[in-house]
Amino acid sequence: MEVELKQLNADLQFLSQSLPDPSHHALLRKIQLRVEDLGKLAAAAPVHRSKVEDMSAEVVDSNPYSRLMALQRMGIVENYERIRDFSVAIVGIGGVGSVAAEMLTRCGIGRLLLYDYDKVELANMNRLFFRPDQVGLTKTDAAVQTLSDINPDVVLESYTLNITTVTGFETFMSSLKKKSFRPNKEGSGVDLVLSCVDNYEARMAVNQACNELSQTWMESGVSEDAVSGHIQLLIPGETACFACAPPLVVASGVDERTLKREGVCAASLPTTMGVVAGLLVQNTLKLLLGFGQVSPYLGYNSLKDFFPTMQMRPNPQCSNVACLKRQEEYMLAKPARDAAAKAKMEAEVLSIEEVPLHDDNEWNISVVNDVELDGPDTRSSDVLPEGLTHELPSADEFHKAISDAPVADNDDLEDLRRQLEAINSA
Amino acid sequence: MEGWDPNTKSTLTQIPLLATKAGPRDGAAWTQRLKEEYKALITYTQMNKSNDNDWFRISAANPEGTRWTGKCWYVYNLLKYEFDLQFDIPVTYPSTAPELELPQLDGKTQKMYRGGKICLTVHFKPLWAKNCPRFGIAHALCLGLAPWLAAEVPILVDSGMIKHKDDATTSTES
Ligand SMILES: [Zn+2]
């Protein structure tokens, strides 16, 4: 385009010089100016950056990673470049998931797997990320379009499916297991699953898959009234799973009776969703790159700017069979874990003795040993800290009496199906 | 059972409860659950017919019984409005209820999520969770779909969002 416009300008120049009649010169000058304008427009068209082989810490304006690598220079992160080894699966590419995907893309994550079955609509435009010209595209395709433009180094995989259906769930499970990106990785093919869905059914499906695969995941949510949200870290066997207790949500402080629900399903704000996506990806970076303290549960009440936190142990009576299996494995691995923690503590004590850090301790900071975090501080899920509440009640217990009784069952499935059909057509 | 009208309550108590906690990935246990689902649906449909309150047809759309299709209808101002009904049994069933869909009404009402999934009242999910695994498809229809139709069809008709099929035919013929 640029070359062709230059050529055109040169031709016009030649023409104006060779024209015998000067009365046409004004017109030719006008055409030349128009060509110059076109040249400027062409220069403003999207530029695609090429892939970057290695992350460099060099501070030049052409290096997309210089400010991220600075985290390493400053000593916040030990090895930032490791981010390129990690695979993160994001389930639900809506107001939270799409923003989380963009953040991880800009951070230079190795690989992103995106799951959603929805299409982009104009009704989504009060949220971040998607643009009006993407209306009608599937959210996964539209996301890949934008994300690959922002950072072509990220390997993107998109799955347009509903994970709560039997077939969708199977594809979801096998995509998590696939190890094409890092064949020698232990466990599944991904390092973390982020649940950014907006309903209980899909969260339970993510929980099921992660319990079966022993896959660490993080859950995120924004309330239907759009004014609160939360993130939660779930490590199968080690922390409570999503089915161990009824889901925990942030109490908005708004009286349920004054909340008007007539005529609407759910509200949404780009602010709350942006904050929750930010909290979620911050926790993700801390977990993957090993810095700071990873939050087990962090709530956000935007009306009071209140951030409740808590920790939940798994429920030994959890209704999820895979969860119980993971709990058993975690118990069996306790001696090995204790030995490793002890060794780590001893190593730390040695290094502290070598370098006396603060002689005067001017701020009166006491160093607390936090190796055994799952101590008495961990709350049972019945006692909730201020500002948190359960979204649903627990299942009643008395059904056990029914299900424990042997069911006299001589019925034939096909026969029952025919009976229903007969009534249906009667 | 706060939040439901007496009619729904009394109907609900007459639908047989289920006992097997099994989802579509649970093999033989799922077959047992399916039998219980059929028994509850047979009783509920029969009950509706004998009470002169027949309002839906539903049958499994695949041999595994994981997808269901049918019809439901609602009478308003002496006219019958009928809609396609469909849903999948989620992998985490019966911990989570099936999400009932009326695809023809997709985009016509606020009380619906994308794809025509009906938006249930705040009372539905807590009651379902409390009664897991005793509630099944029949209970979901009774507690979820019936009140939704009763609340939304009059609004949809009065606002002109949906037309009776006879009106629609007349207008296209004329
Ligand atoms: Zn559990």
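The values are calculated or read from the model by the stated rules, or taken from the named source; none is laboratory data. All values derive from a computational prediction rather than experimental measurement. Every residue, glycine as well, gets a Cβ built from its backbone with ideal geometry; the counts of neighbours run over all protein chains shown.
Filtered by the rule that a residue be at pLDDT 95 or above, out of contact with any helix residue (DSSP H, G or I) (no Cβ under 8 Å at 6 or more places or on another chain) and in a loop (DSSP other than H, G, I, E, B), region A:166-216 gives a lone residue, A:K178. Residues in region B:27-51 that are more than 7 Å from chain A (Cβ to nearest Cβ) and within 15 Å of A:I423 (Cβ to Cβ): B:E37, B:A40, B:T43, B:Y44, B:M47, B:N48, B:K49, B:S50, B:N51. Of all residues in region B:119-174, those being at pLDDT 90 or above, closer than 21 Å to B:L105 by Cβ and within 17 Å of the chain's Cα centre (by Cα) number 15. Against the test of being surrounded by 20 or more Cβ atoms within 10 Å (Cβ to Cβ), away from chain B (no Cβ under 14 Å) and within 25 Å of A:S268 (Cβ to Cβ), the options A:L104, A:L128 yield a single qualifying residue, A:L104.
Which of the residues that make up region A:217-235 are within 18 Å of A:A245 (Cβ to Cβ) and assigned to a strand (DSSP E or B)? Selection gives A:W217, A:M218, A:E219, A:S220, A:G221, A:H230, A:I231, A:Q232, A:L233, A:L234.
Would you confirm whether or not region A:277-284 contains a residue that is surrounded by fewer than 17 Cβ atoms within 10 Å (Cβ to Cβ) and modelled with pLDDT of 95 or more? Checked region A:277-284: at least one residue is surrounded by fewer than 17 Cβ atoms within 10 Å (Cβ to Cβ) and modelled with pLDDT of 95 or more. Under 6 Å between Cβ atoms, which residue pairs at least 6 apart in sequence (or on different chains) link something in region A:203-220 that is hydroxyl-bearing (S, T, Y) with a partner that is within 12 Å of the ligand (Cβ to nearest atom) and not in a helix (DSSP H, G or I)? Going by the 6 Å Cβ cut-off, the qualifying pairs are A:S214/A:P236; A:T216/A:I235.
Only residues that are away from the ligand (no atom under 14 Å from the Cβ) and in a loop (DSSP other than H, G, I, E, B) were counted across region A:298-331, and they come to 8.
Is it the case that region A:259-267 has a residue that's hydrophobic (A, V, I, L, M, F, W, C), in a strand (DSSP E or B) and either at pLDDT below 95 or surrounded by 24 or more Cβ atoms within 10 Å (Cβ to Cβ) (or both)? No.
Applying the condition of being more than 7 Å from chain A (Cβ to nearest Cβ) and out of contact with any Gly (no Cβ under 7 Å at 6 or more places or on another chain) to region B:123-132 and asking which residue is surrounded by the fewest Cβ atoms within 10 Å (Cβ to Cβ) yields B:L127. Of all residues in region A:171-202, exactly one satisfies the criterion of being within 9 Å of chain B (Cβ to nearest Cβ) and more than 17 Å from the chain's Cα centre (by Cα), namely A:E201.
Screening A:D153, A:D133, A:D225, A:D149 for residues that are over 24 Å from B:G27 (Cα atoms), within 14 Å of another protein chain (Cβ to nearest Cβ), of a type in the set (D, E) and over 14 Å from the mean Cα position of the chain (by Cα) leaves exactly one candidate, A:D225.
Check A:D360, A:D409 and return the single one that is within 12 Å of chain B (Cβ to nearest Cβ), at pLDDT below 80 and farther than 30 Å from A:S252 by Cβ. If you could, list the steps in order and put the result at the bottom.
Values: A:D360 fails: within 12 Å of chain B (Cβ to nearest Cβ).
Of A:D360, A:D409, the one residue that is within 12 Å of chain B (Cβ to nearest Cβ), at pLDDT below 80 and farther than 30 Å from A:S252 by Cβ is A:D409.
If you scan region B:57-68, which residues turn out to be in contact (Cβ under 8 Å) with a residue 40 or more places away in the chain, at the interface with chain A (Cβ under 10 Å from one of its Cβ atoms) and surrounded by 15 or more Cβ atoms within 10 Å (Cβ to Cβ)?
Listed by number, the residues that qualify are B:I58, B:G65, B:T66.
Looking across B:D54, B:D88, B:D84, one residue alone is more than 11 Å from chain A (Cβ to nearest Cβ), charged (D, E, K, R) and without any contact (Cβ under 8 Å) to a residue 40 or more places away in the chain. It is B:D84. Of all the criteria given as (1) closer than 23 Å to B:T45 by Cα; (2) in contact with a Pro (Cβ under 9 Å, 6 or more places away or on another chain), the one not satisfied by B:A146 is (2).
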